Amino acid sequence: MSENTAADTSAAGSPALPPTNRDAAPEAETTKDAGGRRFGGSGLARNLGLIIALALLCIVGFITAGERFLDANNFTTIVAFAATVGIVSVGMTFVITGGGIDLSVGSVLGLASVWATTLATQTMAADMHWIVMVFAALAVGTVAGLINGVIVAYGRVVSFIATLAMLVGARGLAEIISGRQTQIIDVSAFKDFFGADVLGLPMIVWMFLLVAALGWVLLNRTTFGRRTVAVGGNPEAARLAGIKVQRHTMYLFALSGLTAGIAAVTLMGRTGAGTSTHGLLLELDVIAAVVVGGTLLVGGRGTIVGTVLGVLIFATLKNIFVLNNLSTSVQALAQGAIIVLAVMLQQRFAARGTS
């Protein structure tokens, strides 16, 4: 089954999707415009470039930090730090591929962590099972995402504005619920499970790998993923093909909220607490990783593999700065430069395809 055109990958019984100006599937080998000219390179080439960049960063880390960087515990630290950002980035990949953006993921994560660690929730978890705390975080994240989706899809509010409002509102609600106090987790079974190591890796890392794997399958091997590409590439053509664009858009934001809820669980497991400051400015790291990974900001193309590599690149970069006691201001400057370069490259490739 070809991955190059959404039209020939529609599920049985579903209307075929007409070609769009970005009718390549997320991991397609090439992207072509209406005249058939290729641009953006192959997915393999893009990912190979990210792997090379990550390898170069590792070399820089070894040169500047020596054995401290190569220590096995340091690599565990890198992937554990990447886990929370990575889980949210998977959901963000779907939203951006579908032509939107979600600025509220950090605040939604904070709200989910606070709600899941309130005294009432922890009391229920102690009386029943610690899974109650997990369900609470996932439910809060999903509901917040659904609210975003309804406002964007049916309220016809630009996603930037709708999610900006949620960013402010969710953080404010988290502060009200927690009284701006850190809520310590007293359910020992919860801390034992999410603080455990499995095969030498923290549980939260395995959660990240599982979410990334499921995200890859959903984007590349299901009708949902192909519809996401179609909606992001050309919403009107997708509508004419029979896709319920508004409903699908709502689902994309709900998925983003769900991943924010999952990430809240990982952060609760890592810190042993819930607080309204969890996820502060997380949306910046998430969007940066997704864009650097190769997902088009204008929608129509997304890559989970690239997103994972983008997350690891920024996590490694931050680790190198920490090991060398470099200023966070310099770190922010370097991250900003990388984002600008990635967007400029995307625009250059797009310009080639439309020339």
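The values are calculated or read from the model by the stated rules, or taken from the named source; none is laboratory data. Remember, predicted model here, so these are calculated numbers, not experimental data. Glycine also receives a Cβ, built like all others from the backbone with ideal geometry; neighbour counts cover every protein chain displayed. The protein model used for the area step is the full one, side chains on, heavy atoms only, and it has no ligands, DNA or RNA in it. Shrake-Rupley method; radii C 1.70, N 1.55, O 1.52, S 1.80 Å.
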Query - Unique match (being within 26 Å of residue 174 (Cα to Cα), out of contact with any His (no Cβ under 9 Å at 6 or more places or on another chain), surrounded by 17 or more Cβ atoms within 10 Å (Cβ to Cβ) and modelled with pLDDT of 85 or more) among 126, 83 - result: 83
Query raised in the report: Picking from 77, 93, 64, which residue would you name as being assigned to a helix (DSSP H, G or I), within 11 Å of the chain's Cα centre (by Cα) and of a type outside the set (A, V, I, L, M)?
Result: 93
**Report entry** Unmet requirement for residue 142, which otherwise passes all of (1) among the hydroxyl-bearing types (Ser, Thr, Tyr); (2) modelled with pLDDT of 95 or more; (3) open to solvent by 70 Å² or more (accessible area, probe 1.4 Å)
**Finding:** (3)
Report task. Specify which of the listed residues (54, 111) is within 19 Å of the chain's Cα centre (by Cα) and surrounded by fewer than 18 Cβ atoms within 10 Å (Cβ to Cβ). Result -> 54
Report summary line: Subset of the stretch 170-211, residues free of Cβ contacts under 8 Å to residues at least 12 places away in the same chain, under 24 Å from the mean Cα position of the chain (by Cα) and open to solvent by 40 Å² or more (accessible area, probe 1.4 Å), comes to 197, 198, 206, 209, 210
